[in-house]
Amino acid sequence: MTLRTSLTKQSILFAALAVCGLHLLLIQGTSATLTFADALTFSLLMTSLAFIFFLGMNLLGKFLGRFLPKFLRAGATRWNLFLVFSAWFVLVTVVSLRPFWPGFPSHVVAVVAAVVGAALLVRVCLARPFSQRILSGESKCFPMVGLFLLIPAFWAPMAKENREAVDVTTITPDDRPDHRIVFIGVDGATFDVLDPLIAAGRLPNFEKIIKGGARAVLQSDPAVNQPMANSASKGMRTPVIWETIYTGHHPKEHRVWDFMSTRIAGMEINLPFRLPLPRIFYRLGLFEFDTTYSTDGQEKRFWEFYEDFGWETMVLGMVDTWPAFQVGGATIVSDRTHRNDRFLCYPESLDREIGWFYTRFPEFAAREGLVFNPDYRAHFNPEEQAEEFQEQHAIYENMRAIKERAMNGKEYPEYARQYMGYEFVADYKEKFSENDPQFWENHLVRNQCSEISRDIFYFESAIQLLNERKKNGAAYPKLTTFYYQTTDTVQHWFWKYFQPEAFSNVDAQSVARCRDIIPKTYEMVDAWLGEILEHVDENTTIVMCSDHGAGAWTEQEDFGLVQAVTSLIGGQADHTDYSGNHRTNGILVVNGPGIKAGAQIEDCSIYDVAPLVLHLSGLPTSEAMVGSVPEALFTEDFQGEHPIRSIKDYGKRHLPKEASQLTEIINSNDDGEIFQRLKELGYI
């Protein structure tokens, strides 16, 4: 066999072997592929990429081999196998130790041990001539490649757990006819910020809810596909954690692993995370990224259980509820009602009533002397009236920039002054250079004002809908959910001003101007809680939680050393545009009838929230869920009257036909805006 043929065969063989192992780990850890066809397609694509890598490495190794000392001149087979085993072992080690950080000595030792283990396994595998011939590509190369491609393809459908659902018609709900639940999601909220502000008397409504109920630290769960401690989330990404809170299931079961999924040509089902493939493949149309949709999750969300019992719910701005679709008697205001053009709410009549596409986009356009008709698709035939149609469509496609310019000159200065105590300079890009701290202050304030506009919209929409019910004498829904995200975005952008001692070289005047922005954001949400409490009576249980906590980006052990090395190679360890990061310590607060007032119980888990909501709703929990009901929250009398019940399984989520069809026709014009926002927050 010629040298060229030998290196080519080895490159193909080890590419297939490496991808086989990694693909199996992805199937086991994330349910990345579910069908034979999708798994085979994915393996073929990744093996093609890996082949290019191994061939390049082998050619480089052959060239450099002549310059290496004799004891390092191991054959290509040995080095290829060592590379494959090291990749597997190190990956498993890093994921197992998540959040992983090279500043932790124990983590470094574990990685070194993994590499040593890989080297020992190579020695064992190459001890026999038969295995040497196969691994060198001399014997049965292409049958082995075929085997490595087929193993994950057969394993993917076999790895899916077959679950039998209990017939819900056999379930008798606990008798609590007048009881209802108010669920409040406060993204990134932490007792580390709440407690000092409550002690200072700045958060009267948080204080009322917390002291009148029971509290616990809610431990989050870093995801296996985001294992690094220095990522902008420490593996606790918003869509993943909230989907886990909604369902009580592990991400492997609900299959939401990121802000986006990867649509690969030839695959029926998206990969449930962003796969960092080379951009050339994107340009060739081999893959695209989709943001996470309401239809992506594979497990029932807790408000969807209510449909089976004819109960009414109101879901307001919760993460990944777009596109909106009918769920029994639910009123849904999706998390893109302020951005997109359709499928904003259910019932659909709310689109025109509150959706920004109809209510605010024409106003934003008018501020720039433009006329935008939200009904342009119906009014103008794209073929017969192409010019008019394209003019309107161009305004819509540019609406993000139009909206930012419009609000930058009017609403943002007002929001900054009222909710942040900051005098925002709308034309800061012209007045300050990027070396001036005030440039970055205003840049971050503008970003936060955009988030505030989102939360104000959902708060006002919620209060409008609740006030209408109150005015008309209509009963409140059995479950009402609220969600506010500014408490998370503010910590990402302003933590270095809130805790400047954790950072180096934070401008003192910037600290004086911005130190109170995080507390004032909590005060803003506290004021909103006060208005929500006006719609709460003695028969209402409040469940308030966050998906994670917050802290300084720099809090990793030995950050100073990492910072020095990063600076030495020309990088940047401190960030000008984000300085806060996630911690695992979120919050859980429960207040209502049967809840121990003033109790502080042991830490709970994000997996416990869905079972808790089911139990409070009078429904049995599911044994298929990971978590359980935190019994310590309840008084003895309540536990006696309402014992915790469970069933084997409610079964997988089954979307109505019209919901399944939405993902085939949606055209999300705001994906670009979402990607830009994620970059500014440090997520991508």
Worksheet item: Cys125: accessible area at probe 1.4 Å, nearest 10 Å²?
Response: 40
Worksheet item: What is the gain in length, in nm to one decimal, between Glu411 and Arg128 on full extension, counting 0.36 nm per residue of separation less the C-alpha to C-alpha distance?
Response: 94.5 nm
Discussion item. Quick check: the angle from helix 238-247's long axis to the longest principal axis of the chain, C-alpha only, nearest 10 degrees?
Written reply: 70
Practice prompt. Using the heavy atoms of the protein chains and a 1.4 angstrom probe, tell me the accessible area per residue for the stretch 104-179 in square angstrom.
Written response: 65
Worksheet item: Ranked from the most accessible area to the least, with a 1.4 Å probe and all protein chains present, what is the order of Thr170, Thr247?
Response: Thr170, Thr247
Worksheet entry | DSSP beta bridge pairing in the chain, given as percent antiparallel to the nearest 5 | 45
Worksheet entry | MRE, 222 nm, helices only [DSSP H, n ≥ 4, -39500 (n - 2.57), over the chain, to nearest 500] | -15000 deg cm²/dmol
Worksheet item: Which value, in Å² rounded to 10, gives the accessible area of Trp88 with a 1.4 Å probe and all protein chains present?
Response: 50
Worksheet item: By accessible area of protein heavy atoms, probe 1.4 Å, what ranking do Lys62, Lys300 get, highest first?
Response: Lys62, Lys300
Practice prompt. Under 11 Å from the Cβ of Gly297, count the other residues' Cβ atoms, weight Lys and Arg +1, Asp and Glu -1, and hand me the total.
Written response: -1
Worksheet item: Using r as the Cβ-Cβ distance of Lys657 and Ala265, and R0 as 45 Å, what FRET efficiency do you calculate, to the nearest 0.05?
Response: 0.95
Worksheet item: In the neighborhood of Ala223, defined by Cβ-to-Cβ distances under 9 Å, what is the net charge if each Lys or Arg adds +1 and each Asp or Glu adds -1?
Response: 0
Worksheet, complete the sentence: Taking a label point 7 Å from the Cα of Leu44 along Cα-to-Cβ, the residues of the stretch 274-295 whose backbone nitrogen sits under 15 Å from it are 286-287
Fill in: Solvent exposure ordering (accessible area, 1.4 Å, most first) of Asp175, Asp296, Asp192, Asp290
Asp175, Asp192, Asp296, Asp290
Practice prompt. Express in Å², to the nearest 10, the accessible area of Met524 obtained by rolling a 1.4 Å probe over the protein heavy atoms while all chains stay in place.
Written response: 10
Discussion item. Could you work out what % of the accessible surface of the stretch 386-481 is carbon and sulfur, using a 1.4 angstrom probe and leaving DNA, RNA and ligands out of the count?
Written reply: 45
Practice prompt. With a 1.4 Å probe and every protein chain kept in, tell me what percent of the accessible surface of the stretch 172-260 is carbon plus sulfur.
Written response: 51
Worksheet entry | Length gained when the stretch Ala386-Glu602 is fully extended (0.36 nm per residue, less Cα-Cα span) | 71.4 nm
Worksheet item: What is the list of residues in the stretch 335-354 whose amide nitrogen lies under 20 Å from a point 7 angstrom out from the Cα of Glu397, following Cα to Cβ?
Response: 339-342
Response to the item:
Looking only at lysines whose Cα falls under 19 Å of Lys520's and that sit 8 or more positions away or on another chain, we get Lys208, Lys496
Discussion item. To test your reading of the geometry: what angle, between 0 and 90 degrees and rounded to tens, separates the Cα axis of helix 105-125 from the longest principal axis of the chain?
Written reply: 40
Practice prompt. Classify the stretch 99-188 as rounded, prolate or oblate, taking a ≥ b ≥ c as the square roots of the eigenvalues of its Cα gyration tensor: rounded when a/c is under 1.5, otherwise prolate if a/b is larger than b/c and oblate if not.
Written response: oblate
Worksheet item: Roughly speaking, what is the stretch gain from Asp308 to Glu468, that is 0.36 nm per residue apart minus the C-alpha to C-alpha distance, in nm to one decimal?
Response: 55.0 nm
Fill in: Modelled FRET efficiency - R0 41 Å, Val109 with Leu150, Cβ distances, 0.05 increments
0.65
Item to complete: Compute the distance in nm between two label points, each set 7 Å from the Cα along the Cα-to-Cβ direction, one at Glu501 and one at Val166.
Response: 5.2
Item to complete: Work through the residues other than Gln326 whose Cβ is under 10 Å from its Cβ and net out their charges, Lys, Arg +1 and Asp, Glu -1.
Response: -3
Worksheet item: Could you give the distance between the Cα centres of the stretch 227-297 and the stretch 586-624, to the whole Å?
Response: 28
Fill in: Percent RCO, i.e. relative contact order, over the stretch 492-555, from Cα pairs under 8 Å lying at least 6 residues apart
40
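The values are calculated or read from the model by the stated rules, or taken from the named source; none is laboratory data. On a predicted model such as this, the values are computed, not experimentally measured, just so you know. No Cβ is skipped: glycine too gets one built from the backbone with ideal geometry, and neighbour counts run over all protein chains shown. Areas reflect the complete protein model, heavy atoms only, side chains present, ligands, DNA and RNA absent. Shrake-Rupley method; radii C 1.70, N 1.55, O 1.52, S 1.80 Å.
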